[in-house]
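S.K.: The structure is given below, and queries will be raised subsequently.
The values are calculated or read from the model by the stated rules, or taken from the named source; none is laboratory data. Please read these numbers as outputs of a predicted model, since none were measured by experiment. Positions of Cβ are generated from backbone atoms using ideal geometry, with glycine treated the same way; all protein chains shown enter the neighbour counts. When the accessible area is computed, the model is the full protein with side chains, heavy atoms only, and any ligands, DNA or RNA have been set aside. Shrake-Rupley method; radii C 1.70, N 1.55, O 1.52, S 1.80 Å.
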Amino acid sequence: MILYPAIDLKDGNCVRLIRGDMEQSTVFSNSPDAQARAFQDAGCEWLHLVDLNGAFAGEPVNGAAVQAILDATDVPAQLGGGIRDMATIEMWLEKGIARVILGTVAVENPDLVRQAAKAFPGKVAVGIDARDGRVATKGWAEETDVMVTDLAHSFEDAGVAAIIYTDINRDGAMQGPNVAATAALANAVDIPVIASGGVSSMADLEALRDCGAPLNGAISGRALYDGAIDLGAALALLKG
């Protein structure tokens, strides 16, 4: 399993939200590139970047911060937030993003996901963010009637690189991930699944590692900033 340290970008800063609420943000660093470099120096193999403003705006907003991170690091980075057309996908991949994450458009324009996955093999992931099993879009501000497993199944033959599954009610709340739902999704589809939302302790990482499903990895943010998870120890645990 891969541990993906999360760098969530709001107004150019590295922040963490509670359950996706932009009004409940904590700034952990005003230098996202320095934070990214620190994660790299600690041994991480990937970075997980989110343009929070972009997710609400529907277009990139924190591009300068993302570029600074790319310039400061050598490890691959995946990026989500406000990526809703082919031009933006191409722009980020040309700038050096290793994998784009498509969330809102996976619901609203699934054909775009298919086209992008075909055009850029291995470089397109689907972000599925959910409350109580139903998918939410546009920075988690809008809830749909689409069920998580139905959306995931619809991309089985599309060639997407991964599904990033986030339980919104757990995200940033330090209450642990929804292990059962994550494992059920990973066992239901052939697409690699990355767990996100609520990963707040070494025990959480152990639970995901041992959940009985072939998870690709887990994303953690606040716990790494707060020191609840030691990145080096976590990397060693997941490699074991």
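S.K.: Please compute, over every Cα-Cα pair in the stretch 30-101, the percentage with a separation greater than 19 angstrom.
M.R.: 27 percent
S.K.: Highest mean first, how do 32-39, 208-215 rank when packing is the count of other Cβ atoms within 10 Å averaged over residues?
M.R.: Listed from highest to lowest mean packing, they are 32-39, 208-215.
S.K.: Something else: Quick one: length gained pulling M22 to H153 fully straight, 0.36 nm per residue minus the C-alpha distance?
M.R.: Working it through step by step, the gained length comes to 44.1 nm.
S.K.: While we're on this one: How large are Rg and Dmax for the stretch 3-143 when calculated on the C-alpha trace, in angstrom?
M.R.: Here Rg and the maximum Cα pair distance are 14.3, 39 Å.
S.K.: So what are the three principal axis dimensions of the stretch 69-212 from its Cα atoms, in whole Å, longest to shortest?
M.R.: The Cα atoms of the stretch 69-212 stretch 38, 38, 29 Å along their principal axes.
S.K.: Relative to a virtual label point 7 Å from the Cα of S29 in the Cα→beta-carbon direction, which members of the stretch 51-72 show backbone nitrogen distances below 19 Å?
M.R.: Counting backbone N atoms under 19 Å from the label point, the list is 51-53, 62-72.
S.K.: Turning to a different aspect of this structure: Note down the magnitude of the dipole of the stretch 15-103 about its Cα centre, charges +1 on Lys and Arg C-beta and -1 on Asp and Glu C-beta and zero elsewhere, to the nearest 20 debye.
M.R.: Once rounded to the nearest 20, the dipole reads 200 debye.
S.K.: Treat every Asp and Glu Cβ in the stretch 131-232 as -1 and every Lys and Arg Cβ as +1, leave all other atoms uncharged, and give the resulting dipole magnitude about the Cα centre to the nearest 20 debye. Display every interim value, and only then the final one.
M.R.: On the way: 6 positive and 15 negative charges, 40 e Å.
Charge dipole, the stretch 131-232, about its Cα centre: 180 debye, nearest 20.
S.K.: Here is a further query. Take the Cα gyration tensor of the stretch 88-154, multiply each eigenvalue by 5, square-root it, and list the three semi-axes largest first, rounded to whole angstrom.
M.R.: 23, 12, 9
S.K.: Out of the DSSP beta bridges found with both residues in the chain, what percent are antiparallel (nearest 5)? Show your work: numbers first, answer last.
M.R.: Details: 13 of 43 bridges.
Counting only bridges with both partners in the chain, antiparallel ones make up about 30 percent.
S.K.: Translational diffusion coefficient, Stokes-Einstein: compute it for the stretch 70-111 using the Kirkwood radius over C-alpha pairs as Rh, at 4 °C and 1.567 mPa s, and state it as an integer in µm² s⁻¹. Each step should come with its number before you reach the end.
M.R.: Details: Rh = 10.9 Å.
After rounding, the answer is 119 µm²/s.
S.K.: If you take the beta carbon distance between E143 and A87 as r and set R0 to 30 Å, what does 1/(1 + (r/R0)^6) give as a FRET efficiency, to the nearest 0.05?
M.R.: Step by step, r from the Cβ atoms, then E = 0.60.
S.K.: Could you tell me which label, among (1) 23, 21, 17; (2) 30, 19, 16; (3) 27, 19, 19, carries the value of semi-axes √(5λ) of the Cα gyration tensor in Å calculated for this structure?
M.R.: Here the calculated entry is (1).
S.K.: While we're looking at this one, here's another question. Specify the inter-centroid distance of the stretch 141-178 and the stretch 190-240, based on alpha-carbon positions, in whole Å.
M.R.: Answer, in whole Å: 16.
S.K.: Please go through the stretch 133-240 and write out the GluC sites (Glu not before Pro) that DSSP classes as loop and that have at most 14 other C-beta atoms within 10 Å.
M.R.: Those satisfying the criteria are E156.
S.K.: Okay, next question. Could you work out the Rg to Rh ratio of the stretch 115-162, with Rh taken as the Kirkwood radius (inverse of the mean 1/r over all Cα pairs)?
M.R.: Numbers: Rg = 11.7 Å, Rh = 11.5 Å.
My calculation of the ratio gives 1.02.
S.K.: Probe radius 1.4 Å, ligands and nucleic acids ignored: give me the carbon and sulfur share of the accessible area of the chain as a rounded percent. Before the final figure, lay out the partial values.
M.R.: Numbers: 4260 of 9380 Å².
Ligands and nucleic acids excluded, carbon and sulfur reach 45 percent.
S.K.: Using only the Cα atoms, what convex hull volume per residue in Å³ does the stretch 128-205 have?
M.R.: 88 Å³
S.K.: What does the helix-only formula give at 222 nm for the chain: each DSSP H stretch with n ≥ 4 adding -39500 (n - 2.57), the total divided by the residues, and the result rounded to the nearest 500 deg cm²/dmol? Don't jump to the answer; show the numbers that get you there.
M.R.: Values: 11 runs with 90 residues, N = 240.
After summing the helix terms and dividing by the residues of the chain, the value is -10000 deg cm²/dmol.
S.K.: What nm value, rounded to one decimal, do you get for the distance between A64 and Q115 when each label is placed 7 Å out toward the C-beta?
M.R.: Each label point lies 7 Å from its Cα, and together they span 3.2 nm.
S.K.: Same structure again: So, for the chain, what is the accessible surface per residue at a probe of 1.4 Å, expressed in square angstrom?
M.R.: Ligands and nucleic acids excluded, the result is 39 Å² per residue.
S.K.: Positive end of the dipole of the stretch 10-112, charges at C-beta (+1 Lys, Arg; -1 Asp, Glu), about the Cα centre: which of I89, I69, Q35 has its Cα farthest in that direction?
M.R.: Q35
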